[in-house]
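Okay, so here's the structure we're looking at.
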Amino acid sequence: MVSTQLLKELPLFAGLTEDELKSLSAICQEKELKNGEIVFTEGSAANELFILEAGAINVQLKVAPYVDHLTVHTVTPKEIFGELAFIDDVPRSATTKCVKDSKVVIINQSEFEGLVKRYSHIGEVVYRNMAVTMSLRLRNADKQIKEFWSKIFEAQSPAFAKMFVI
């Protein structure tokens, strides 16, 4: 069980009442992780959402055959990770690795769904906050893709860029 005070400080739970936070705290677990420890691996089955309480976690992609662990994001305290598989029941799309000793809050998907069946407002608030987080991440990814392609086009001839015009 996690303290309601901690949950109150996390953006994912902004908008929940004290009673809702108490109900939620009953299904949350805390876990300490060591520097270098893998939280989960790309392709693994998923049924948990993580919130970083302290430390730092790298989100890494395998870009075979070129790079085994390309870091695409560093999770900082109060951020969620592992949310995609929590929502869509598809295997993990990335590997996450501690880059310093860390502490996480873990929410089991089936326990959360059971809680939402009893308290629908919790689901409304949490999924809305999760959508906002995912929207910001998608916008940031769009920006990074644009910057990446701009650098490629700058390094090539104008004819190269025209090959991509549809």
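The values are calculated or read from the model by the stated rules, or taken from the named source; none is laboratory data. From a predicted model like this one, the values you see are computed outputs, not experimental measurements. As a convention, Cβ positions derive from the backbone with ideal geometry for all residues, glycine included, and neighbour counts pool all protein chains shown.
Going through (1) of a type outside the set (A, V, I, L, M); (2) farther than 27 Å from Lys143 by Cα; (3) not in a strand (DSSP E or B) one by one, Glu42 falls short only on (2).
Going by what's in this entry, would Leu24 be described as surrounded by 13 or more Cβ atoms within 10 Å (Cβ to Cβ), in a helix (DSSP H, G or I) and modelled with pLDDT of 95 or more? For Leu24, the condition - surrounded by 13 or more Cβ atoms within 10 Å (Cβ to Cβ), in a helix (DSSP H, G or I) and modelled with pLDDT of 95 or more - is met.
Please verify whether segment 28-36 includes one or more residues that are touching a residue at least 24 places away in the same chain (Cβ under 8 Å), surrounded by 14 or more Cβ atoms within 10 Å (Cβ to Cβ) and more than 16 Å from Ile106 (Cβ to Cβ). No - not one qualifying residue is present in segment 28-36.
Per the listing Val72, Val59, the residue uniquely touching a strand residue (DSSP E or B) at 6+ places or on another chain (Cβ under 6 Å), surrounded by fewer than 14 Cβ atoms within 10 Å (Cβ to Cβ) and closer than 22 Å to Leu136 by Cβ is Val72. Looking across segment 63-81, the residues that are more than 12 Å from the chain's Cα centre (by Cα) and assigned to a loop (DSSP other than H, G, I, E, B) come down to Ala64, Pro65, Tyr66. For segment 117-166, a residue qualifies if it is assigned to a helix (DSSP H, G or I), hydroxyl-bearing (Ser, Thr, Tyr) and farther than 30 Å from Ser25 by Cα, and exactly one does: Ser150.
A Cβ distance below 8 Å, combined with a sequence gap of six or more or placement on separate chains, defines the contacts here; from segment 73-86, residues that are among the charged types (D, E, K, R) and at pLDDT below 95 reach residues that are surrounded by fewer than 19 Cβ atoms within 10 Å (Cβ to Cβ) and assigned to a helix (DSSP H, G or I) in the pairs Glu83/Met130; Glu83/Thr133; Glu83/Met134. Checking each residue in segment 82-109 for being charged (D, E, K, R) and assigned to a helix (DSSP H, G or I) picks out Glu83, Asp88.
Of the residues making up segment 38-47, those that are at pLDDT 95 or above and either crowded, with 16+ Cβ neighbours inside 10 Å or within 18 Å of Glu9 (Cβ to Cβ) (or both) are Val39, Phe40.
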